[in-house]
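To keep things clear, I will list the structure first and then write my remarks on it.
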Amino acid sequence: MRTTSFDYTRATSIDEALGALASGAQVLAGGQSLLQSMKLRQASPQHLVDINELDELRAVDLEDGGLRLGALTRIAELCVIAEVAAMFPSLQQAAKLTADVQVRNRATIGGNLCFANPRSNMASTLISLRAEVTVRSDGGSRRLAVEELFSGYLQTVLSSGDLLTDVHLPDPGRDARGAYREISRQPNGVPVVNVAVAVAEGRVTGIGVGGLGVRPLRARLVEEALTHVDVNDPRAVDEAAALLAGDLASTEPLSDMHGSAEYRLEAAVVLLRRLVLATTNERG
Amino acid sequence: MTKIQLTVDGAKVSDDVEPRMLLVQYLREKLGKTGTVIGCDTSNCGACTVHLDGRSVKSCNVLAVQADGSEVTTIEGLAEGSVLHPVQEAFRECHALQCGFCTPGMIMQSVDLLKDNPDPSEEEIRVGIEGNLCRCTGYHNIVRAVQTAAAGKVSGDAEAGSPAATAETEKVEV
């Protein structure tokens, strides 16, 4: 099916993009999710502002022991950037499991977050890494944690006029390791549930979970419980992982043709337990 | 309407297009390049794969206006005159098709894969073309063709290559 008609602006500066957004335009980044939903007439924006020419949104820089990724960083680039591989291996794992080569060549990290699919590989992984985003508008700029970006199913807290410009990955800490795992119907399909765990010096520093609620979650109760237990004790890790049910209470559970809420919770707890045991115990 | 100027298969073209026109529609309907096919129109099957500024993309999921100023290569731009591209030749020699509908996309994606990784393992090939579906499930010979192209074992000699490859394939597939 064809999309409805729309006006198209190719922005040549961030200010031009912000001006168009302030007057009601919607951002077109990689377009890999947006154009699909437009073809299905699930979205019918009147005006698209294409930000692909904005080179300043493409920068990848070291920043305070961490990394700043411009919003236009393609998922394919995350698969090959040396700093991502060295500092944030879970992000690279999640990137490699996103869609396929052609889609990754277009899809961007900022677009992926703003589409707010609760099953996004990127969202849960960035939450586990305690990433933040910079959002600019006509009125200035602000920073918020990735976990605070999502307000509901395919919805963010951003308002019209806002442009997500950067993703900030903080210093991962000493002896950092992390991992991403998912359950999906087919290899590289959109996962039913996914879990990402970040670890530094043998302690869990962040847990992100996708596909469990209508928005991606940070598993704060599980994180907190794990700080008090011996992460080498499988039974203690089991008990902590089960607290995921409590973390889910902060949002509405996701239940659809891909999996019931009950199945998703059980699967996510199992993934979480396995990931914690693997990442905290493996050495070297 | 929006004015676009781009290079397609080495030729400069310019047109006024509706912003909602997809790149694949532009290639097929405006330029008559029907070698690039529409399989699923949902960015799942990869049949419409072309190269946009040297990277493979699904042209049903890119707007024509987004290709303004870019260089597009389609399956029709791979051959040098009557001499097939080595990957095309390998697909022909290995009989890497059944119905042939996925072939343009498979070849374009395989060219992209070999550019990044000139000597891929079988698994790397299968992962590299995971965004391309063959509804005949004829992946075996497709993978073999990519391996053949990678090894530089394409004869490029239609007279010598074709009958032997066909005979071998028939033996396997009866």
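The values are calculated or read from the model by the stated rules, or taken from the named source; none is laboratory data. Everything numeric in this text was worked out from a predicted model, so none of it was measured. Here the Cβ is made from the backbone with ideal geometry for all residues, glycine too, and neighbour counts use every protein chain on show.
Numerical summary
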quantity: Count - residues of the range B:9-46 that are among the aliphatic types (A, V, I, L, M), away from chain A (no Cβ under 11 Å) and crowded, with 22+ Cβ neighbours inside 10 Å; calculated: 2
quantity: Scope the range A:194-237; condition outside any strand (DSSP E or B) and touching a Lys or Arg at 6+ places or on another chain (Cβ under 6 Å); matching residues; calculated: A:Glu201, A:Gly211, A:Leu212, A:Val237
quantity: Among (1) within 13 Å of chain B (Cβ to nearest Cβ); (2) among the hydroxyl-bearing types (Ser, Thr, Tyr); (3) within 15 Å of A:Gly70 (Cα to Cα) - the single one A:Ser13 does not satisfy; calculated: (1)
quantity: Options A:Gly30, A:Gly24: the member that is in contact with a Ser or Thr (Cβ under 7 Å, 6 or more places away or on another chain), outside any helix (DSSP H, G or I), away from every other protein chain (no Cβ under 14 Å) and under 22 Å from A:Val135 (Cα atoms); calculated: A:Gly24
quantity: Single residue of A:Ala278, A:Ala241, A:Ala225, A:Ala236 found to be loosely packed, with under 15 Cβ neighbours inside 10 Å and hydrophobic (A, V, I, L, M, F, W, C); calculated: A:Ala278
quantity: Failed item in (1) over 15 Å from the mean Cα position of the chain (by Cα); (2) farther than 23 Å from B:Gly152 by Cα, with B:Val83 passing the rest; calculated: (2)
quantity: Residue check, A:Arg119 buried (at least 21 other Cβ atoms within 10 Å of the Cβ), modelled with pLDDT of 95 or more, on the phi < 0 side of the Ramachandran plot and not in a helix (DSSP H, G or I); calculated: yes
quantity: Selection count where residues are surrounded by fewer than 23 Cβ atoms within 10 Å (Cβ to Cβ) and either part of a strand (DSSP E or B) or β-branched (Val, Ile, Thr) (or both), scope the range A:154-164; calculated: 3
quantity: Any chance B:Lys58 is surrounded by 22 or more Cβ atoms within 10 Å (Cβ to Cβ) and within 14 Å of chain A (Cβ to nearest Cβ); calculated: yes
quantity: Residue among B:Gln66, B:Gln88, B:Gln109 that alone is part of a helix (DSSP H, G or I), within 14 Å of chain A (Cβ to nearest Cβ) and free of Cβ contacts under 8 Å to residues at least 60 places away in the same chain; calculated: B:Gln66
quantity: Within the range A:28-42, tally of residues that are aliphatic (A, V, I, L, M) and surrounded by fewer than 16 Cβ atoms within 10 Å (Cβ to Cβ); calculated: 1
quantity: Selection from the range A:18-32 of residues that are more than 17 Å from A:Thr108 (Cα to Cα) and either of a type in the set (Asp, Glu) or in contact with a helix residue (DSSP H, G or I) (Cβ under 9 Å, 6 or more places away or on another chain) (or both); calculated: A:Ala25
quantity: Answer residue from the range A:43-74, given it is more than 22 Å from the chain's Cα centre (by Cα) and under 26 Å from B:Cys45 (Cβ atoms) and is surrounded by the most Cβ atoms within 10 Å (Cβ to Cβ) among those; calculated: A:Leu48
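A quick yes/no check of all residues on (1) over 12 Å from the mean Cα position of the chain (by Cα); (2) within 21 Å of A:Ser37 (Cβ to Cβ):
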position	(1), (2)
B:Arg28	yes, no
B:Gly32	yes, no
B:Val37	no, no
B:Cys48	no, yes
B:Lys58	no, yes
B:Asp68	yes, no
